[in-house]
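K.L.:
The structure is given below, and queries will be raised subsequently.
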Amino acid sequence: MSVWVSLLQHEHGVTVMDFTGRLSMPGIVVTEVERTIKLQIERGARKLVLDLSKVEYLDSSGVGVLAVSAGAMGKTGGRVMIAGAHGRVEEVLLLTNLNRIIGMYPDVAAACAALADSPTPPASA
């Protein structure tokens with residue numbers, strides 16, 4: 001099983017990416033996820049919530065793509081938040097200290113609220 005991604009647009013310029021499945025090897029899966037996130041950044045997304053509530057498994061390649069994506073967003077002055085990580089997925093994120101790079105929230109509403117309170121940098125940044 002691989003991962004499926006759907007996009008939603010929320011108020012205050014927040015883009016939500018909803019993930020379902022396994023964010024792990026083989027490389028094609030994480031490469032596609034990274035490409036999808038970077039495409040959103042190129043299209044001007046500066047406030048991005050990654051909803052991991054339906055992700056059942058995350059390995060080091062998944063952690064890597066999340067970290068790289070946060071770095072790409074940081075270069076634009078934007079912010080990425082993780083919502084809904086639970087169980088083993090949450091444990092992996094905490095064990096790798098990814099929560100120090102990307103804010104983690106219990107659900108999409110809390111992550112969106114945190115981003116709504118911050119100004120949106122221009123898309124050309």
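Taken together, the values in this text are just the output of simple stated rules run on the coordinates, not laboratory data. This one's a predicted model, so the numbers in the text were calculated from it and none came from an experiment. Here Cβ is always computed from backbone atoms with ideal geometry, including for glycine, and neighbour counts include all displayed protein chains.
K.L.:
At 7 Å along Cα-to-Cβ for each site, give me the label-to-label distance between Ala116 and Tyr57 in nm.
P.N.:
A separation of 3.6 nm, rounded to one decimal place.
K.L.:
How high is the FRET efficiency between Glu91 and Trp4 when r is their beta carbon distance and R₀ equals 25 Å, given to the nearest 0.05?
P.N.:
Computed FRET efficiency for Glu91 and Trp4 comes out at 0.65.
K.L.:
Report the residue, chosen from Ala67, Ala45, Ala113, that carries the largest GNM mean-square fluctuation when the chain is represented by alpha-carbon nodes joined by springs under 10 Å.
P.N.:
Residue with maximal mean-square fluctuation among Ala67, Ala45, Ala113: Ala113.
K.L.:
Just name one of Ile37, Ala72, Ser6: the one whose Cα is farthest towards the positive end of the charge dipole of the chain (beta-carbon charges, Lys/Arg +1, Asp/Glu -1).
P.N.:
The listed residue farthest towards the positive side: Ala72.
K.L.:
Mind listing the long-range amide H neighbours of Val49? Cut-off is under 5 Å, sequence gap 5 or more, other chains count too, H placed in the peptide plane at 1.01 Å from N.
P.N.:
Thr15, Val16, Met17, Met81
K.L.:
With no solvent and one point per C-alpha, what does the Debye sum give as log10 I(q)/I(0) for the chain at q = 0.11, 0.12, 0.20 Å⁻¹?
P.N.:
-0.31, -0.37, -1.11
K.L.:
In whole Hz, what ³J(HN,Hα) sequence does region 40-48 give by Karplus (6.51, -1.76, 1.60; θ = phi - 60°), x for Gly and Pro?
P.N.:
Per residue, the Karplus-derived 3J(HN,Hα) values read 4, 5, 4, 7, x, 5, 10, 10, 10 Hz.
K.L.:
What distance in nm separates the two pseudo spin-label positions at Ile101 and Glu32, each 7 Å out from Cα along the beta-carbon direction?
P.N.:
With each label point 7 Å from Cα toward Cβ, the separation is 2.3 nm.
K.L.:
Further question: Scan around Lys54 for amide H atoms under 5 Å from its own, H built in the peptide plane at 1.01 Å from N, and keep only partners 5 or more places away or cross-chain.
P.N.:
Phe19
K.L.:
For region 28-93, state which trypsin sites (Lys or Arg not before Pro) are in a DSSP loop and have at most 11 other beta carbons lying within 10 Å of their beta carbon. Show your work: numbers first, answer last.
P.N.:
Values: sites: Arg35, Lys38, Arg43, Arg46, Lys47, Lys54, Lys75, Arg79, Arg88; in loops: Arg43, Arg46.
When the trypsin sites (Lys or Arg not before Pro) of region 28-93 are filtered for loop state and at most 11 Cβ neighbours within 10 Å, Arg43 remain.
K.L.:
Run lengths n ≥ 4 of DSSP H only: what is the helix-derived mean residue ellipticity at 222 nm for the chain, with -39500 (n - 2.57) per run over all residues, to the nearest 500?
P.N.:
The helix-only estimate for the chain comes to -12500 deg cm²/dmol at 222 nm.
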